[in-house]
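The values are calculated or read from the model by the stated rules, or taken from the named source; none is laboratory data. As the structure is a prediction and not an experimental result, all values here were calculated from the model. Because the Cβ atoms are built from the backbone with ideal geometry, glycine has one as well, and the counts that use them run over all protein chains shown. Surface areas here come from the heavy atoms of the whole protein model, side chains and all, with no ligands, DNA or RNA. Shrake-Rupley method; radii C 1.70, N 1.55, O 1.52, S 1.80 Å.
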Amino acid sequence: MSGRDAAGDALPFSPACERNRAPILAILREAFAGRREVLEIGSGTGQHAVFFSAGMPWLRWQATERRESLGGLRARLDAEGGDRLPAPLELDVDQRDWPMPAVATGWDAAFSANTLHIMSAPQVEAFFAGLGAVLQPDARLAIYGPFTYDGAFTSDSNAAFDAMLRARDPDSGLRDVAWIDRLAKARSLRLLADHVMPAHNRLRVWQREA
């Protein structure tokens, strides 16, 4: 069920978020143990933010979206987030100044789901550059989604998905883990884990080193 906002209108809803949220949470509960301030890049419908903040009550989960998508995200957090979630913030990976937490010198964790393959390559680079400026020295980063390995798809469905993305936007498409890891390493992020997830996705976790 997508739920309703205060006016009775249907909230934006992603079936994929509903399916993948429990397997992701099971891993994040360990990866983000001991963390306090989490920045989510590209919160979409807000389903992950609501579910993860409830499942990890020790975290302050900061949802973000681009300006054109903030309305639907705000509506869900207002309807279902309660006191656990602060108001969502506007964030475009291309912007110069990324938000910082109010009570710390940087975020000690960051999360993003199903975003890198809808960005252009320069936007993916901006994503890591932006994180490099706002993450604490010991922060952890977790990214969920489909990837290629040495240029190869992990399933026929991922190959078809990549073809659909590139037909719609030639600058988008599944990203190769070797390139992503180079971008992460340039921001002092070392890969800790690469978890196999349902529906041919992965959940990759990095640790930032001073």
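Where does the Debye-calculated log10 I(q)/I(0) of the range 17-172 sit at q = 0.15, 0.21 Å⁻¹, using only Cα point scatterers of equal weight, no solvent?
The calculated log intensity ratios at q = 0.15, 0.21 Å⁻¹ are -0.83, -1.49.
Could you do me a favour and compute the accessible area per residue for the chain, 1.4 Å probe, result in Å²?
Ligands and nucleic acids excluded, the figure is 47 Å² per residue.
I'd like the accessible area for Tyr149, computed on protein heavy atoms only with a 1.4 Å probe and all protein chains in place. Round to 10 Å², please.
Result for Tyr149: roughly 60 Å² accessible.
When only the heavy atoms of the protein chains count and the probe is 1.4 Å, how do Trp98, Trp61 rank by accessible area, highest first?
Most to least solvent-accessible, the answer reads Trp98, Trp61.
Once amide H atoms are built 1.01 Å from N in the peptide plane, which residues 5 or more positions from Arg35, or in another chain, come under 5 Å H to H?
For Arg35, no residues qualify.
Amide H neighbours of Thr64 under 5 Å, counting only residues 5+ apart in sequence or on other chains, H built in-plane at 1.01 Å?
Glu40, Gly42, Ser43, Leu89
Heavy-atom accessible area of Glu125 with all protein chains present, probe 1.4 Å, nearest 10 Å²?
Glu125 exposes around 90 Å² with every protein chain in place.
Quick one: if the Förster radius is 30 Å, what FRET efficiency do Arg67 and Val103 give, using the C-beta to C-beta distance and rounding to 0.05?
After rounding, the FRET efficiency stands at 0.75.
From Cα pairs below 8 angstrom and at least 6 apart in sequence, can you work out the relative contact order of the chain, rounded to a whole percent?
In percent, rounded to a whole number, it is 18.
How large is the accessible surface of Thr105 in square angstrom, using a 1.4 angstrom probe and rounding to the nearest 10?
Near enough 120 Å² of accessible area.
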